[in-house]
1. Given the conditions (1) in contact (Cβ under 8 Å) with a residue 24 or more places away in the chain; (2) touching a Lys or Arg at 6+ places or on another chain (Cβ under 8 Å), report the number of the one that LEU119 does not fulfil.
2. For region 166-257, which helices (runs of 4 or more DSSP H) that fit wholly inside it have 1 or more residues that are under 16 Å from the mean Cα position of the chain (by Cα), over 21 Å from THR45 (Cβ atoms) and free of Cβ contacts under 8 Å to residues at least 24 places away in the same chain?
3. Which of (1) without any contact (Cβ under 8 Å) to a residue 12 or more places away in the chain; (2) within 21 Å of ARG79 (Cβ to Cβ) does ALA16 not meet, given it meets every other one?
4. Being of a type outside the set (A, V, I, L, M, F, W, C) and more than 30 Å from VAL186 (Cβ to Cβ) is the filter here; which residues of region 105-132 pass it?
5. Among (1) touching a Leu at 6+ places or on another chain (Cβ under 7 Å); (2) at pLDDT 95 or above, which single condition is MET22 missing?
6. Just one of (1) touching a Gly at 6+ places or on another chain (Cβ under 8 Å); (2) part of a helix (DSSP H, G or I); (3) crowded, with 21+ Cβ neighbours inside 10 Å trips up ALA52, so point out which.
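The values are calculated or read from the model by the stated rules, or taken from the named source; none is laboratory data. If you're wondering where the values come from, they're calculated on a predicted model, not measured in any experiment. Cβ sites come from the backbone with ideal geometry, for glycine too, and all protein chains shown count toward neighbours.
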Amino acid sequence: MPRHSNGQALGKLVNAECRAIMQALLGRKAVHTRVHEARKAIRRTRALLALAEDGDAPFDIGPADRILQRVGDGLSRLRDAHAAIETAREVGKQTSPKLWRPVVEALRERSAVLVAQELQLDPGFMRRAATVEGAQHYLDQLPWAELTGKQVREGLQRQRQRVERAARRAGKHPDAEHLHRWRRKVRRLRMQVEAMPKIRSGGAKTPGAPKSKALHKLSDALGREQDLHVLDRLLRRLPEIEHRKQLREALAELSASRE
């Protein structure tokens, strides 16, 4: 085994995830599926990069990470718009399908408009794919072989500490913003934990690492709460929605029941 095989393995995973982003963006699946898969691959890539986050030249992941963040953020409106449709449908099933049916239709119309606007600006997501390709080329030039297993483990520990800090803040201020930040950090840690066996020599597990299943469960619970907050924001913005107050009250009650 090469001395620094952990770093090389991490570099290969990063390369594979960058290719997964481009494949999703340029694929033939439905637009919302492509957006969803691309954003997941972007999150996985950035989680991997955070394991090498020392910021020191020549190993500076910052430029590529910022590019990937911008691409992901640029797709977030499309993803949120589609996710809101699914959330409204599920809320309707749990409360009043008849009351929520017009909301689902309004959200579908809004989502279709957003998709048309984005594809007019970036046909086939080709511009975004080219941007990701540039980030991949930059990352391929980094000296991954110089990155040690100790540095990778330190990256994992940094993320664990960030999750703990975010949890404390959310405990003191359980608003949508703090809960969302906590969720993002939990999700990143889960992705890193799941990647560690692929990075460590021989596929060995990382001693003391949190369990992926527990992180997944926590992330999903926080994600469901975030979906309700996003839907509530959209309800305030959608024009000509009847029974808006009743709908928002139903969301508040459903959110409270999950606490």
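1. Unmet condition: (2).
2. Working: elements: 176-199, 212-237, 244-257.
Ranges flagged: 176-199, 212-237.
3. The one condition ALA16 does not meet is (2).
4. Taking region 105-132 first, the residues of a type outside the set (A, V, I, L, M, F, W, C) are 105, 108-111, 117-118, 120, 122-124, 127-128, 131.
Matches in region 105-132: GLU105, ARG108, GLU109, GLN117, GLN120, ASP122, PRO123, GLY124, ARG127.
5. The single condition MET22 does not satisfy is (1).
6. (2)
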